[in-house]
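Have a look at the structure below before the remarks.
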Amino acid sequence: MSILQIHAQPSRTTVWILSWFLFATGVASYFWVSRGRHLDNPDDRVMPTLRQMSQAFSDATLKPAEDDEVAADAGQQSLLMKIRKSMLWKDTMATGRRFLISMGLLFPAVLLGLHMGMFPYVGSFFLRFVLFFDKIVALSLLPILFIAFGIDELAKVMLIVVGVAPTIVLDAFNLTRSVPKEQIVKGFTLGAGDFSVTYRIVLKQIWPRVLNSIRLNLKAVMLFLFAGEMIASQDGLAYRIALLRRHMGMDTIIPYVLWVALLLFLVDFGMRTLNRKLHPWFQEA
Amino acid sequence: MATVRTAIDDKVESAIKAPRVETLALICIQDVVVEYGQPGKAPKRILNGVNLDIHPGEFISIVGQTGCGKSTLLRLVLAEEMPAQGQVLVEGSPRTQPDRRCGYVPQKYSLFPDRTVLENITFGLEVTEIGLFGGFSPARRVRRQAFQSDAIGYLRRMGLRESDAAKYPHQLSGGMQQRVAIAQALIMRPKILLMDEAFSALDPGTRAGMQRLIKDLWRETGTTILFVTHNPREAVILATRVIALGRTGGEDAGADIVLNLSVSNANNEPETAALVRRVEQSTFPAGTDLDEASAPEL
């Protein structure tokens, strides 16, 4: 039987092997090439070995950043305390704080899209402007944002808002418009007013799709956040990666990149699980 | 071709000509014109000067070919659409937007997918009695329980089980969904119930059951019902009056009422069959295949 058949039904074992094959091949290829490079040059910094990366990651999770002061009683601190004062923890917290503020600022974008879709006057007022803004490459605004808002947190958060909010607004607008007219009319005939229909019928119906849309835009959020951190920041995961690049610190950069990927995967998984738990009707329907 | 007049035909004729007892009309449709237009194109006329009075407690079926404006007429009464000319009065006043005087059961999307059956039925009561932000006080909780027991009563009346109350719409069959939609509308005790091809997506057996149910409910509640269907037999079986829409002045002229037939005095099958024939002749031009339009027996 050919493997290129639409109705092919691979066994569970085959699916498991196929889905992990590229991961295994990639990791194996890396360490094979890395070993070759280290045989040629034991001081090679481009492709660190597993032992080097483990050591660097251990340092990142247990030791403070080089630019931080080391406490006098550092040797007697508990493991938890060491982790909480570590470079990785500090960077993760800084990036996480910016990420959460940005996500919080996306909620008004959902409400704006909802009202644009429901109320023709609001739609007429904002739609053209948002469509125009959506076409602006957010990174090109970075210098303007730094000039206008300084190089503090606000500029970085604004970059994310400017980069992602128009997409979320337009998505919420389109989702609102796609709610069947019958549902809205039905709401009115059951005694609901304009705002009851908007919040209790339409918002409730589009909310799981909006959450999905935000989830799918997570990577864009992180992209803008990293751009801001790399250019102007004193802490954060991207700041650390940019800083270590100058010292060819690949033994720390690679674990950091994998850590960021793991965090994004967990946020994505968390949002999917939350969506499923909060809206059981959505997945099944 | 010569036609043989029968006693039933005479009875049908007299039913058409019989003067109706004039009461104050609940719905008054006066010289209504509806046109749909696109920028740069001449508007297309859908309804052309329709006049119709509907009295409290009537069961009106609206029939006609596809695209002749049946649903448009319903949407005018619902105030989902406004006429280009003329006016629609409900209880003597013009309508500006849909309100709870009219219950509505569409063919599709009749239930809120994010709410269980019980939440769907109690939605109207919750939104009107409790409001947008008042759902947490103890007194409101007691009211909510009262709504729920009321809704369970309606659920049983619709032939559904109590265990269905916790299900979501997508877990119900089409017939069950429409039963819930009718309960959802009736619990608000509307003066008018508007049904837009509400049974057309159902299989013949379910459809016959739904026809019996709606007729019984109409007898019990006395709610005025406007029932849009493309099925002449269903129209005659259910209604007290059948309104047929058709285009007499060509495709561009828009539709008008071509038949306004009282059918409440059909007592047996031959009389019903004659009325159905009469509706078919008015609604569908000669040569139309009516097999698809045949309705199941009640």
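Some observations on this one:
- Qualifying residue in segment B:77-85 (condition: assigned by TED's automatic domain parsing to the domain that holds B:Gly222, outside any loop (DSSP other than H, G, I, E, B) and either over 22 Å from the mean Cα position of the chain (by Cα) or of a type in the set (Asp, Glu) (or both)): yes
- Taking the numbered list (1) at the interface with another protein chain (Cβ under 9 Å from one of its Cβ atoms); (2) surrounded by fewer than 18 Cβ atoms within 10 Å (Cβ to Cβ); (3) not hydrophobic (A, V, I, L, M, F, W, C) in turn, B:Thr116 passes all entries but (2).
- The number of residues in segment B:153-163 being among the small types (Gly, Ala, Ser) and not in a helix (DSSP H, G or I) comes to 1.
- Identity of the residue in segment A:266-285, in contact with a helix residue (DSSP H, G or I) (Cβ under 9 Å, 6 or more places away or on another chain) and of a type in the set (S, T, N, Q), that ends up farthest from the other protein chains (Cβ to nearest Cβ): A:Asn275
- Residue match in segment A:162-177 (condition: surrounded by fewer than 16 Cβ atoms within 10 Å (Cβ to Cβ) and either assigned to a helix (DSSP H, G or I) or assigned by TED's automatic domain parsing to the domain that holds A:Met103 (or both)): yes
- Listed by position, the strands (runs of 3 or more DSSP E) contained in segment B:164-272 that have at least 2 residues being touching a residue at least 40 places away in the same chain (Cβ under 8 Å) and more than 16 Å from the chain's Cα centre (by Cα) are B:256-262.
- Flag for A:Leu203 being surrounded by 15 or more Cβ atoms within 10 Å (Cβ to Cβ) and either β-branched (Val, Ile, Thr) or within 14 Å of chain B (Cβ to nearest Cβ) (or both): yes
- Test: residue in segment A:231-239 that is more than 14 Å from the chain's Cα centre (by Cα) and closer than 30 Å to B:Arg189 by Cα: no
- Output for segment B:86-104, where each listed residue is outside any loop (DSSP other than H, G, I, E, B) and more than 9 Å from chain A (Cβ to nearest Cβ): B:Gly86, B:Gln87, B:Val88, B:Leu89, B:Val90, B:Ser93, B:Pro94
- Residue within segment B:169-176 that is within 14 Å of chain A (Cβ to nearest Cβ) and closer than 24 Å to B:Glu80 by Cα present: no
- Looking across B:Ala146, B:Ala201, one residue alone is more than 12 Å from chain A (Cβ to nearest Cβ) and surrounded by fewer than 14 Cβ atoms within 10 Å (Cβ to Cβ). It is B:Ala146.
The values are calculated or read from the model by the stated rules, or taken from the named source; none is laboratory data. None of these values were measured; they are calculated from a predicted model. Quick reminder, even Gly has a Cβ in these numbers, built from the backbone with ideal geometry, and neighbours come from all protein chains shown.
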